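Down below is the structure, laid out as structure tokens.
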Amino acid sequence: MFCKNDRLLFIGDSITDSERNKEALPARWQSWGEGYVQLINSYTTAFYPEKELMVINQGVSGNRVTDLKARWQSDVFDLKPDVVTVMIGVNDVGRHFDGVFYQEEQVTPEIFYQTLKELIAATIPVTKQVYLLSGFLLMEAKDDPMRKMLADYNALTKKIAEELNVVFVDVQAAMDDYLKVQAGYYLSIDRIHPSLVGHMIIAKAWLEAAGLGGKL
């Protein structure tokens with residue numbers, strides 16, 4: 001369980017960003033965005049008010065793991081978080097499919113693994129806990145080329161979690177459980193950016209992994 005006044009920092013791409021106001025100070029109005037970070041902040045504020053947890057959203061739309069590395073000092077270390085949660089991978093994979101015509105340099109599996117592991121290894125000594133969330137695609141077809149590649153990158157994320165003894169949260173599995181009974185349309189209209197329903201699934205998965213799901 002978290003301690004009073006712990007700082008919970010979330011970093012990633014557009015799924016984490018969710019249209020947050022980047023001009024707002026950390027943990028102030030509009031700083032959390034409209035997605036799972038906002039839901040987690042609302043939940044912890046409502047049901048664990050005695051903890052007075054500070055929730056910080058550092059998601060930036062379009063980011064890949066190499067972008068996280070470039071801003072890790074200012075956007076993570078300088079804020080002195082107690083707990084860091086990372087969700088990354090969808091853009092690292094997606095650029096292999098939508099970036100080919102402008103010849104963007106790709107994040108290979110080797111670069112993804114080495115960069116993410118380096119960031120997490122450097123973060124562990126100065127935090128209480130790190131959570132690594134898998135990327136996900138909201139489609140039923142597991143043989144889709146992009147989804148297959150994302151599964152490979154998610155496997156690398158899980159490998160890092162196991163090697164460094166941090167928490168891995170399989171968000172793709174949580175989404176797949178939903179897709180067993182309802183269409184992906186209710187989770188997203190573009191397979192990537194979640195509806196509020198999709199964000200609720202992410203928030204629930206994180207809260208349960210963090211041991212805060214008892215109020216659900």
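Values computed for the structure shown
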{"item": "Residue count for region 140-153, restricted to those that are touching a helix residue (DSSP H, G or I) at 6+ places or on another chain (Cβ under 6 Å) and either modelled with pLDDT of 95 or more or among the hydrophobic types (A, V, I, L, M, F, W, C) (or both)", "result": "4"}
{"item": "Residues of region 163-178 satisfying the condition of being under 15 Å from Val86 (Cα atoms) and either in contact with a helix residue (DSSP H, G or I) (Cβ under 6 Å, 6 or more places away or on another chain) or part of a helix (DSSP H, G or I) (or both)", "result": "Leu164, Val167, Phe168, Val169, Val171, Gln172"}
{"item": "Options Tyr113, Tyr131; residue that is under 16 Å from Gly12 (Cα atoms), of a type outside the set (S, T, N, Q), part of a helix (DSSP H, G or I) and modelled with pLDDT of 95 or more", "result": "Tyr113"}
{"item": "Residues of region 34-63 satisfying the condition of being surrounded by fewer than 21 Cβ atoms within 10 Å (Cβ to Cβ), among the β-branched types (Val, Ile, Thr) and touching a residue at least 24 places away in the same chain (Cβ under 8 Å)", "result": "Val60"}
{"item": "Matching residues in region 179-216 - criterion: being over 14 Å from the mean Cα position of the chain (by Cα), in a helix (DSSP H, G or I) and under 11 Å from Phe136 (Cβ atoms)", "result": "Leu179, Gly184"}
{"item": "Residues being part of a loop (DSSP other than H, G, I, E, B), among the acidic types (Asp, Glu) and crowded, with 22+ Cβ neighbours inside 10 Å - total across region 14-32", "result": "0"}
{"item": "Single condition Leu156 does not satisfy, out of (1) in a helix (DSSP H, G or I); (2) surrounded by fewer than 17 Cβ atoms within 10 Å (Cβ to Cβ)", "result": "(2)"}
{"item": "Residues (in contact (Cβ under 8 Å) with a residue 40 or more places away in the chain and over 18 Å from Tyr131 (Cα atoms)) located in region 15-33", "result": "Ser18, Pro26"}
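Residue-by-condition table, conditions (1) at pLDDT below 95; (2) closer than 20 Å to Leu119 by Cα; (3) touching a Phe, Trp or Tyr at 6+ places or on another chain (Cβ under 9 Å):
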residue	(1), (2), (3)
Leu8	no, yes, yes
Thr16	no, yes, yes
Arg20	no, no, yes
Glu34	no, no, no
Ile40	no, no, yes
Tyr43	no, no, no
Phe47	no, no, no
Asp78	no, yes, no
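The values are calculated or read from the model by the stated rules, or taken from the named source; none is laboratory data. Since the model is a prediction, treat every value here as computed from it, not as a measurement. No Cβ is skipped: glycine too gets one built from the backbone with ideal geometry, and neighbour counts run over all protein chains shown.
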